[in-house]
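Worksheet for the structure shown next.
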Amino acid sequence: MPHIIGNRIFLREYLMTDVEALYQWRTQDDIVWWTGSYLWPESLEQARSFVENQVKDSDPYNRKFAICKKKDGKYLGHIGYEHLDLQRQNTELGIVIGDPDSLSQGLGEEAIGLFLKVCFEELNLHRVGLRVLRSNERGMRCYQKCGFKKEGTLRDWHFSRGKWHDLLLMGVLRNEYSG
């Protein structure tokens, strides 16, 4: 994926210079607890290994791309696909805005818009799905603004902060995409 430029952000390939910024947000419990995806805390070596795998393009069906501020290039988090299936024309989206100062500013919505454009217009996918903890209200609002609809629930899927959390399955189809 070449640089994809939006109004306030751009998406680019990972660089080894992103390790420190990635490590910073992956060690913040308030950022990672609601994803249900990361084991916390993460070591610097684990962060380095993740970035190395992205740089090497070791798994073309599970890729992440850096989300960066347009004005200064600052790394904010990542967006990408998991389980890309070109034959069935679907994938699962994953996104994290890891920079705490950049939350609730619509940057995730902009990144998802750019990413969906690639999924539907360049990869010719039919469906993009995602998983979100029901307790991640900010994320759910963002996904709904981007056209995702609730499709199902995995009850008591994730145990965190002393209680169980449901995992919601959401998706958007190409004919629902407003581009």
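The values are calculated or read from the model by the stated rules, or taken from the named source; none is laboratory data. None of these values were measured; they are calculated from a predicted model. Here Cβ is always computed from backbone atoms with ideal geometry, including for glycine, and neighbour counts include all displayed protein chains. Quick note on the areas: whole protein, heavy atoms, side chains included, nothing else; ligands and nucleic acids left out. Shrake-Rupley method; radii C 1.70, N 1.55, O 1.52, S 1.80 Å.
Here are some notes:
- Value of relative contact order over the stretch 80-179, rounded to a whole percent, pairs C-alpha under 8 Å and six or more apart: 26
- Our coupling estimate for the stretch 90-102, obtained by passing each phi through the Karplus curve with A = 6.51, B = -1.76, C = 1.60 and θ = phi - 60°, is 8, 7, 10, 8, x, 8, 9, 9, x, 7, x, 6, 9 Hz, Gly and Pro reported as x.
- Listed values for the stretch 110-127 are Karplus-derived 3J(HN,Hα) couplings in whole Hz (6.51 cos²θ - 1.76 cosθ + 1.60, θ = phi - 60°), namely 5, 4, 5, x, 5, 5, 5, 4, 5, 4, 8, 9, 9, 8, 6, 7, 9, 9, and x replaces Gly and Pro.
- Close amide H pairs (under 5 Å, H built 1.01 Å from N) link Lys70 with Ile9, Phe10, residues at least 5 positions away or on another chain.
- Legend: calculated FRET efficiency, Asn175 to Asn7, from the Cβ-Cβ distance at R0 = 25 Å, rounded to 0.05, equals 0.50.
- Accessible carbon and sulfur surface of the stretch 66-170 relative to its total accessible area, %, 1.4 Å: 44
- Heavy atoms of Glu52: accessible area, 1.4 Å probe, square angstrom to 10: 70
- Taking a straight line from the alpha carbon of Lys69, these aspartates and glutamates sit under 15 Å away, with near neighbours fewer than eight places off in the same chain left out: Glu13, Asp18, Asp99, Asp101, Glu109, Glu110.
- Scanning residues 5 or more positions from His126 or on other chains, those with amide H under 5 Å from its amide H are Asn90, with H placed 1.01 Å from N in the peptide plane.
- Virtual spin-label span in nm between Gln105 and Leu15, 7 Å along Cα→Cβ: 1.9
- The relative contact order of the chain comes to 18 percent, based on Cα pairs under 8 Å that sit 6 or more residues apart.
- 3J(HN,Hα) from dihedral phi, the stretch 42-47, Karplus parametrisation 6.51/-1.76/1.60, rounded to Hz, x for glycine, proline: 9, 7, 4, 5, 5, 5
- P(r) weight above 28 Å for the chain, C-alpha pairs, percent: 19
- Take the chain with all the other protein chains still there, run a 1.4 Å probe, and you get 54 Å² of accessible area per residue.
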